[in-house]
Structure formats: structure tokens, C-alpha cells
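Visitor: Structure in C-alpha cells, see below.
The values are calculated or read from the model by the stated rules, or taken from the named source; none is laboratory data. Just so you know, these numbers come straight off a predicted model, no measurement behind them. Glycine also receives a Cβ, built like all others from the backbone with ideal geometry; neighbour counts cover every protein chain displayed.
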Amino acid sequence: MDQFAQNYVDRFMADLTAKNPGEKEFHQAVKEVLESVAPYIVEHPYLMDLKIMERIAEPERIIIFRVPWLDDEGEVQVNRGYRVQCSSAIGPYKGGIRFHPSVNLSIMKFLAFEQTFKNSLTTLPMGAAKGGSDFNPKGKSDNEVMRFCQSFMTELQRHIGPDTDVPAGDIGVGGREIGYMFGQYKRLRDEFTGVLTGKGITWGGSPLRPEATGYGTCYFASAMLATKGDSYEGKEVVISGSGNVAQYAAQKALQLGAKVMTMSDSNGFIYDPDGIDEEKLAYIMELKNIFRGRIREYADKYSGAQYFPNERPWKIKCDIAMPCATQNELNEEEAKTLVANGCICVAEGANMPCTPEAIEVFQKARLLYSPGKASNAGGVATSGLEMTQNSIRLKWTREEVDQNLKRIMTDIHEACLKYGTEEDGYVNYVKGANIAGFIKVAEAMMAHGLV
Ligand code: NDP
């Protein structure tokens with residue numbers, strides 16, 4: 001980056017941090033995008049004059065609200081709800097809802113900001129938002145989760161709608177939570193519409209939506225590997241997380257001929273040197289989705305496997321690493337270990353799981369590395385396909401959705417190649433994804449005038 005562009009980044013970040021103090025995840029996400037797009041922006045000075053990036057980094061609207069609910073003991077509980085509506089430049093706001101005790105304004109803003117570029121990359125007409133609450137669904141009864149979801153939606157419903165803002169799931173929000181929120185929306189508004197995605201298949205959901213983020217991440221990684229004439233076949237894969245994204249990333253990796261070695265949760269990881277096959281994965285899905293158990297129970301059931309409490313899986317030797325749990329879960333040291341162990345590809349299933357220092361290690365080592373906003377975009381893309389099916393009141397087959405998903409992931413990969421290929425041929429997927437995502441949003445903003 002030349003000095004002029006660097007000065008622009010420095011000035012921008014100084015203003016942003018002063019205006020949004022303490023929001024470290026938000027600062028991190030903005031800086032990453034800015035460093036990629038600054039050279040493009042300074043080459044197109046009208047983007048600077050119109051303050052396009054400054055406007056994207058200021059959410060269009062932030063809603064923060066009280067969520068009171070009664071627990072099973074009859075005691076009053078109070079949580080905080082959020083919806084950050086970042087950009088409606090290219091379509092209705094769209095993005096997941098996260099229920100996790102760590103949720104705060106910084107995390108909501110970082111996720112909504114990232115979503116802007118991700119949704120733009122999908123080629124579908126979707127703006128960007130993110131929402132959630134510091135509510136922890138872990139250890140709560142179904143009735144408690146239902147009461148919480150109803151209270152959360154009682155406020156949120158004022159701010160969303162099928163042509164306004166269409167939330168989906170994220171950490172801690174799966175089919176159960178979407179069902180309770182949809183039920184409450186329908187009851188309050190007396191409307192059966194596509195206001196949420198990730199719905200059940202019998203009431204407006206799309207085939208393959210649960211699988212889409214994990215599958216899409218593998219499709220994207222396959223496209224990266226193909227640039228080297230390589231594939232998943234015979235590769236050893238290390239995956240973090242054991243939730244929605246991790247489960248289906250593991251399933252697709254297996255289908256593509258890889259050996260999956262690890263999965264994790266927030267308490268530790270399991271390593272199975274024999275590989276987590278289809279049958280073992282089915283056990284994990286049942287354990288996590290139905291019994292809401294912990295990943296350590298895997299090592300009790302399969303004696304060949306080891307459980308590492310309070311550790312992350314990146315020390316396990318592998319060819320492909322897929323961080324699929326949460327933000328900042330893979331740091332510089334762990335990145336160095338992966339590189340030293342011969343890893344050739346890192347495909348992010350989660351949002352911002354690698355720290356900036358880790359990304360630098362991967363890029364310096366010339367690894368195939370994809371940021372989540374490119375490789376995990378299959379989830380929101382399939383949410384977009386769910387919206388389309390709801391609008392035309394039809395349901396496509398699993399095969400049709402899968403074909404669309406593959407096409408979208410290939411298109412995103414192509415866009416990254418177009419804007420991210422460097423002089424020596426190395427593909428900087430971060431740069432490619434950020435610039436491609438930015439251009440489309442910027443063009444729409446210019447067309448709409450100063451709004
Ligand atoms: P789930 O809630 O289904 O699973 C999350 C997994 O990550 C669980 O195994 C959880 O463990 C683990 N985890 C959560 N927080 C932490 C933490 N602080 N440290 C270590 N492990 C943690 O969520 P998803 O699979 O839906 O989401 C995973 C990631 O993918 C997130 O970054 C999300 O934003 C991103 N994403 C999700 C999409 C989707 O379609 N669902 C779309 C695009 C991105 P535990 O059970 O202990 O909480």
C-alpha cells in the first residue's frame with residue numbers, strides 16, 4: 001500500500017476508534033476491510049469524496065432493547081437484545097441472530113459490517129444486519145428458550161419484515177429458536193411471510209439451508225484447491241466447533257473423500273486418529289442437536305479418541321484447517337504451528353476466526369487462505385434462495401438448491417480471483433473478497449444519493 005493510502009487508513013481508523021471506543025472486534029473487522037480496499041478507494045477519489053466507506057462503517061440503524069422473561073422457577077430474568085442494521089444498499093437487511101453470553105455491541109457491529117461485504121459477494125440482492133442477545137441457551141429448558149424467543153421477537157417484530165429485514169440463525173440460534181421466533185412473529189403480525197430464514201422444511205424452509213454454510217465452505221475450499229490441481233480426496237482435515245457449520249463442513253469433507261480428525265466446543269476438542277466417519281458424525285449430530293451434550297462425551301464413546309480440555313485443535317497435523325466455531329479462535333502461534341505441520345489450506349467456516357496476525361502468517365507462507373465472508377457465504381446465499389422460494393411460493397428440490405449453492409460459491413471464488421490475484425500469481429482472497437464486495441455496495445450507494 002502506498003503512503004497516501006496508508007495515511008487514509010490511519011486517519012480513518014483514528015476517527016473510528018475515537019467514535020466507537022472499546023469496540024475491539026468492530027475495529028478489527030473494519031481495519032481488515034479498509035486495508036484491502038484503501039488502494040482501490042484512493043485510485044477512485046470520488047469514493048473518498050462521497051465518504052462511501054465512512055458511511056458503511058456507520059450502521060444505518062442500531063436497535064437495543066430489553067428482553068424480560070420468566071424462568072422455570074418463576075423468577076424474572078432480563079437480557080439485552082440487539083439488531084444492527086448496517087446496510088440496505090443492495091436489498092433488505094439480512095443476517096443472523098446470535099444468542100451467546102459474549103454478545104455485545106462490538107460483536108454485533110463487527111458481524112453486521114462483515115455481512116455487508118459477504119451478502120454483496122453472494123450476487124443476491126441482500127443488504128446486511130446482525131442481531132442477538134447475551135442470553136445463553138445452554139442449560140435452559142425448551143420452555144425457557146421458548147419464552148425468551150417470544151419476548152425477544154415481541155420487540156424485534158417492529159423492526160423487521162420480509163421486505164425490510166430478514167433475520168436467520170447464528171451461534172445458539174438453530175431450528176428450534178427460529179421456530180419459536182417465527183411463531184411469535186406470525187401471532188403478533190397475523191402474517192405468514194418469509195420474515196425469517198432457516199425455517200423448518202414443512203413451514204417455508206429451504207432444502208439444504210441447515211447444510212449450506214458447511215457445504216459451501218467445502219465447495220469454496222475445493223475451488224481454492226483446484227487452482228493447485230488438488231482436492232479434498234485423501235486429505236486430513238482439522239475442524240473446530242461442533243455446531244451447525246462444523247457438522248456440515250465435516251459431512252461434506254467426508255463426502256469429498258477427506259479424513260476428519262477433530263471437532264471441538266467451548267470446553268475443549270476431540271482428536272480421533274482413525275477419523276470421524278459418517279457414523280461417528282451422526283453420533284455427534286445427535287449428541288449436540290438433540291441431547292445438547294458436550295463434545296468430550298465423544299471420547300467416552302470411542303476409545304480410540306482423545307479429549308483435550310480447554311485446548312483448541314490447531315496443534316493436530318493436517319492438510320486442511322477449517323475453523324468453524326467463533327471469532328478470534330486461531331492466533332498467530334497456532335497459525336505458525338499449522339504451517340510448520342504442512343497445512344496447505346485454511347478455509348474459514350466461522351466469521352473472523354483467525355486473528356489478523358494469524359492471517360499474516362498464512363499469507364506470508366503463501367497458503368490457500370479464505371476469509372469467512374467469502375467461504376462461509378453459502379449460508380446466507382441459501383437464505384437468499386429461501387427468500388426467493390417464499391416469494392414465489394414454491395419449494396425447490398435439494399438438488400436444485402445444491403446446484404445454485406455450488407454456482408454461487410464458484411462465482412464468489414471467481415470474484416476473489418479477479419480482484420485478489422497478485423503480480424506473482426498468489427491469490428489474496430481477503431483482498432479479492434473485500435474489493436469485490438465493496439464495489440457493488442458502493443455503486444448502489446452512489447445511485448441512491450446521499451441517504
Ligand atoms: P452453533 O451455535 O451451531 O455452534 C457454535 C460452535 O462453536 C459450538 O460448537 C460452540 O461450542 C462453539 N463455540 C461458540 N463459542 C465459542 C467460544 N467462545 N470458544 C470456543 N468455541 C465456541 O453456531 P454456528 O455453527 O451456526 O456458527 C459457527 C460460526 O459460523 C460463527 O462464527 C457464525 O457466525 C458463523 N456462521 C454461521 C452461519 C450459519 O449459517 N449458521 C453462516 C455464516 C457464518 P459450545 O457448544 O460449547 O457453545
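Visitor: Checking Pro101 against (1) surrounded by fewer than 23 Cβ atoms within 10 Å (Cβ to Cβ); (2) more than 18 Å from Gly378 (Cα to Cα); (3) away from the ligand (no atom under 16 Å from the Cβ); (4) free of Cβ contacts under 8 Å to residues at least 40 places away in the same chain, which single condition isn't satisfied?
Guide: (3)
Visitor: Name the single residue, out of those in the range 118-154 being more than 13 Å from the ligand (Cβ to nearest atom) and more than 26 Å from Leu188 (Cβ to Cβ), that is surrounded by the fewest Cβ atoms within 10 Å (Cβ to Cβ).
Guide: Across the range 118-154, the extreme among qualifying residues is Pro125.
Visitor: Kindly evaluate Ala89 against the criterion of being outside the structural domain of Gly243 (by TED's automatic domain parsing) and touching a helix residue (DSSP H, G or I) at 6+ places or on another chain (Cβ under 7 Å).
Guide: On the way: outside the structural domain of Gly243 (by TED's automatic domain parsing): yes; touching a helix residue (DSSP H, G or I) at 6+ places or on another chain (Cβ under 7 Å): yes.
Considered against the rule, which asks whether it is outside the structural domain of Gly243 (by TED's automatic domain parsing) and touching a helix residue (DSSP H, G or I) at 6+ places or on another chain (Cβ under 7 Å), Ala89 comes out as yes.
Visitor: Is it the case, given these coordinates, that Arg294 is over 30 Å from Asn434 (Cα atoms), of a type in the set (Lys, Arg) and touching a residue at least 24 places away in the same chain (Cβ under 8 Å)?
Guide: Values: over 30 Å from Asn434 (Cα atoms): yes; of a type in the set (Lys, Arg): yes; touching a residue at least 24 places away in the same chain (Cβ under 8 Å): yes.
Yes.
Visitor: Quick test for you: out of Tyr215, Tyr248, Tyr302, pick the one residue that is more than 12 Å from the ligand (Cβ to nearest atom), out of contact with any strand residue (DSSP E or B) (no Cβ under 8 Å at 6 or more places or on another chain) and of a type in the set (Phe, Trp, Tyr).
Guide: Unique residue meeting the criteria: Tyr302.
Visitor: When only residues in the range 157-176 that are in a loop (DSSP other than H, G, I, E, B) and more than 16 Å from the ligand (Cβ to nearest atom) count, which is nearest to Phe192 (Cα to Cα)?
Guide: Taking the candidates together, the pick is Pro162.
Visitor: If I filter the range 399-451 down to residues being hydroxyl-bearing (Ser, Thr, Tyr) and assigned to a helix (DSSP H, G or I), which single residue comes out as surrounded by the most Cβ atoms within 10 Å (Cβ to Cβ)? Give the steps one after another, and end with the answer.
Guide: First, pick out the residues of the range 399-451 that are hydroxyl-bearing (Ser, Thr, Tyr): 410, 419, 421, 426, 429.
Right, trim to assigned to a helix (DSSP H, G or I) and you get 410, 419, 429.
Details: Thr410: 15, Tyr419: 21, Tyr429: 29.
Residue satisfying both the conditions and the ranking: Tyr429.
Visitor: Just wondering, is there one or more residues in the range 75-82 that are within 13 Å of the ligand (Cβ to nearest atom), among the hydroxyl-bearing types (Ser, Thr, Tyr) and assigned by TED's automatic domain parsing to the domain that holds Arg187?
Guide: Checked the range 75-82: no residue is within 13 Å of the ligand (Cβ to nearest atom), among the hydroxyl-bearing types (Ser, Thr, Tyr) and assigned by TED's automatic domain parsing to the domain that holds Arg187.
Visitor: Turning to a different aspect of this structure: Between Glu360, Glu348, Glu329, Glu334, which is surrounded by fewer than 16 Cβ atoms within 10 Å (Cβ to Cβ) and of a type outside the set (Ser, Thr, Tyr)?
Guide: Values: Glu348 fails: surrounded by fewer than 16 Cβ atoms within 10 Å (Cβ to Cβ); Glu329 fails: surrounded by fewer than 16 Cβ atoms within 10 Å (Cβ to Cβ); Glu334 fails: surrounded by fewer than 16 Cβ atoms within 10 Å (Cβ to Cβ).
Matching residue, one of Glu360, Glu348, Glu329, Glu334: Glu360.
Visitor: So the check is Cβ under 6 Å with 6+ separation or different chains; which pairs have a first residue in the range 21-33 that's within 17 Å of Arg11 (Cβ to Cβ) and a second one that's not in a helix (DSSP H, G or I)?
Guide: Going by the 6 Å Cβ cut-off, the qualifying pairs are Val30/Ala57.
Visitor: Going through the range 251-295 one residue at a time, which ones are surrounded by 16 or more Cβ atoms within 10 Å (Cβ to Cβ), of a type in the set (D, E, K, R) and either in a helix (DSSP H, G or I) or within 15 Å of the ligand (Cβ to nearest atom) (or both)?
Guide: Lys252, Asp265, Lys280, Lys288, Arg294
Visitor: Say whether the condition of being of a type in the set (A, V, I, L, M), farther than 22 Å from Ala246 by Cβ, free of Cβ contacts under 8 Å to residues at least 40 places away in the same chain and not in a loop (DSSP other than H, G, I, E, B) is met by at least one residue in the range 188-195. Please lay out each step first, then the result.
Guide: First pass over the range 188-195, keeping only residues of a type in the set (A, V, I, L, M): 188, 195.
Filter once more, keeping what is farther than 22 Å from Ala246 by Cβ: 188, 195.
Applying the additional criterion that residues be free of Cβ contacts under 8 Å to residues at least 40 places away in the same chain yields 188, 195.
Add one more test, that the residue is not in a loop (DSSP other than H, G, I, E, B), and what stays is 188.
Taking every residue of the range 188-195 in turn, at least one turns out to be of a type in the set (A, V, I, L, M), farther than 22 Å from Ala246 by Cβ, free of Cβ contacts under 8 Å to residues at least 40 places away in the same chain and not in a loop (DSSP other than H, G, I, E, B).
Visitor: For the range 329-376, give me each residue that is out of contact with any strand residue (DSSP E or B) (no Cβ under 7 Å at 6 or more places or on another chain), assigned to a loop (DSSP other than H, G, I, E, B) and near the ligand (Cβ under 9 Å from one of its atoms).
Guide: Selection gives Asn351, Met352, Asn376.
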